[in-house]
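Asks: Got a structure here, written out as structure tokens. Questions coming.
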Amino acid sequence: PLRFPQKLWEMLESSKFQSIWWTEGGKCVAINKDLFEVEVLGREGQQVFHTQKIKSFMRQLNAYGFTKMQRNFQRSASLPEFLAEEAAASAHSQILYYYNPSFNRAHPWLSEMCKRR
């Protein structure tokens, strides 16, 4: 069986999943929390990971050295633009971003260094 980082890598490289993707030029992993729970964790009979809970999946990420990143949105001074940006930011609130210096799309061999703590 594949280790957690290998499974994660295969998911990111697969076109089968819409809930998880590379960002920041392949340096971060983005996860649409709600869609991920349905598409990946809610699969009957063909589970990718040995959990059905997003919190357990997030603990796995942390155990392998991934850190949660905050997205910083620059706010506009004008009220209509601010409100539009606020709506866009709330749509992004279900998106989780994780970073690990040893998990980089441009350097696949580094993922071997992702060890469980």
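The values are calculated or read from the model by the stated rules, or taken from the named source; none is laboratory data. Only a predicted model underlies this, so the values are computations on that prediction, with no experimental measurement involved. Note that we place each Cβ from the backbone using ideal geometry, even for glycine, and neighbour counts take in every protein chain shown. These area figures cover heavy atoms from the full protein model, side chains too; ligands, DNA and RNA do not enter into them. Shrake-Rupley method; radii C 1.70, N 1.55, O 1.52, S 1.80 Å.
Asks: Which ones in region 19-63 are at positive phi and touching a Lys or Arg at 6+ places or on another chain (Cβ under 6 Å)? Spell out how you get there, then give the answer.
Replies: First pass over region 19-63, keeping only residues at positive phi: 24-26, 45.
The one that is at positive phi and touching a Lys or Arg at 6+ places or on another chain (Cβ under 6 Å): GLY26.
Asks: Of the residues ARG43, ARG71, which single one is surrounded by 13 or more Cβ atoms within 10 Å (Cβ to Cβ) and at pLDDT below 90? Before the answer, list the steps.
Replies: Working: ARG43 fails: surrounded by 13 or more Cβ atoms within 10 Å (Cβ to Cβ).
Result: ARG71 is the single residue among ARG43, ARG71 that is surrounded by 13 or more Cβ atoms within 10 Å (Cβ to Cβ) and at pLDDT below 90.
Asks: In the list ARG105, ARG59, which residue meets the criterion of being of a type in the set (Lys, Arg), open to solvent by 100 Å² or more (accessible area, probe 1.4 Å), under 20 Å from GLY25 (Cα atoms) and modelled with pLDDT of 90 or more? It would help to see each step written out before you state the result.
Replies: Details: ARG59 fails: under 20 Å from GLY25 (Cα atoms).
Just a single option satisfies the conditions, and that option is ARG105.
Asks: Name every residue in region 46-56 that is in a loop (DSSP other than H, G, I, E, B) and surrounded by 14 or more Cβ atoms within 10 Å (Cβ to Cβ), in order of residue number.
Replies: In the first step, residues of region 46-56 are kept if they are in a loop (DSSP other than H, G, I, E, B); the result is 46-53.
The answer is VAL48, PHE49, THR51, GLN52.
Asks: Looking only at region 10-40, which residues are free of Cβ contacts under 8 Å to residues at least 24 places away in the same chain, under 20 Å from GLU112 (Cα atoms) and surrounded by 14 or more Cβ atoms within 10 Å (Cβ to Cβ)?
Replies: TRP21
Asks: Here's another thing I want to ask about it. In region 94-116, what residues are touching a Leu at 6+ places or on another chain (Cβ under 8 Å) and not in a loop (DSSP other than H, G, I, E, B)?
Replies: Within region 94-116, just TYR98 meets the criteria.
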